[in-house]
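What follows is calculated from the coordinates using simple rules that are stated; it is not laboratory data. Predicted model only: the values in this text are computed from it and were never measured. With ideal geometry, Cβ positions are generated from the backbone for all residues, glycine too; neighbour counts draw on all protein chains shown.
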Amino acid sequence: MVKIIYKKAISGISDDEKEFSDKILNDYGDRVEKKLGEDLTLEVYFKKYGKVKINEYEVSLRISCSGSNNCSKYFIESNATERDFGKAVHNALKKMDTEIEHKLHVSDQRNK
């Protein structure tokens, strides 16, 4: 089961954005957990920068695995900064996929 930990709660994120991030992160966590075959913890940091009209959101993610496979040796991290909250979350998740593939070579492994 995926455990999602929000490290910093910011006041600038609305309830709709919070629900959106919960849904996306749970779906993503389940997919990665199935890919890696281990229980994992997903740490999430949200930061909001900018003035009143122009805001930038930074989303930072860190996966730590609890198991005996290759994943438990690494902390896999990614971050993205965008003006749109949804786009920032999606870009951070894309970077996380790239990091998982780069460090663990998941697509090269076959199930026998």
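Which of rounded, prolate, oblate describes region 3-104, given a ≥ b ≥ c as roots of the alpha-carbon gyration tensor eigenvalues and a/c under 1.5 marking rounded, otherwise prolate only if a/b is larger than b/c?
Values: a/c = 2.36, a/b = 2.00, b/c = 1.18.
Since a/c reaches 1.5 and a/b is larger than b/c, the shape of region 3-104 is classed as prolate.
Take the cross-link list 51/94; 51/95; 23/95; 23/53 and give me the ones stretching past 23 Å between alpha-carbons. Before the final figure, lay out the partial values.
Values: 51/94 27 Å; 51/95 27 Å; 23/95 18 Å; 23/53 27 Å.
Where the Cα-Cα span goes over 23 Å, the pairs concerned are 51/94; 51/95; 23/53.
3J(HN,Hα) along region 56-64: 10, 10, 10, 10, 10, 10, 9, 10, 10 Hz, from the Karplus curve 6.51 cos²θ - 1.76 cosθ + 1.60 with θ = phi - 60°, whole Hz, x for Gly and Pro.
Partners of residue 48 within straight-line reach, counting aspartates and glutamates whose Cα lies under 14 Å from its Cα and excluding those fewer than 8 residues away in the same chain: 17, 56, 58, 82, 84. Charged neighbours of residue 92, selected by a Cβ distance under 13 Å, balance to -2 (K, R count +1; D, E count -1). Database remark: amide H of residue 76 closer than 5 angstrom to the amide H of 63 (H placed geometrically; neighbours at sequence offset of 5 or more, or on other chains; Pro and chain starts carry no H).
Within region 80-97, find all residues whose amide N lies under 11 Å from a label point positioned 7 Å from the Cα of residue 49 along Cα-to-beta-carbon. Residues passing the 11 Å test: 80-83.
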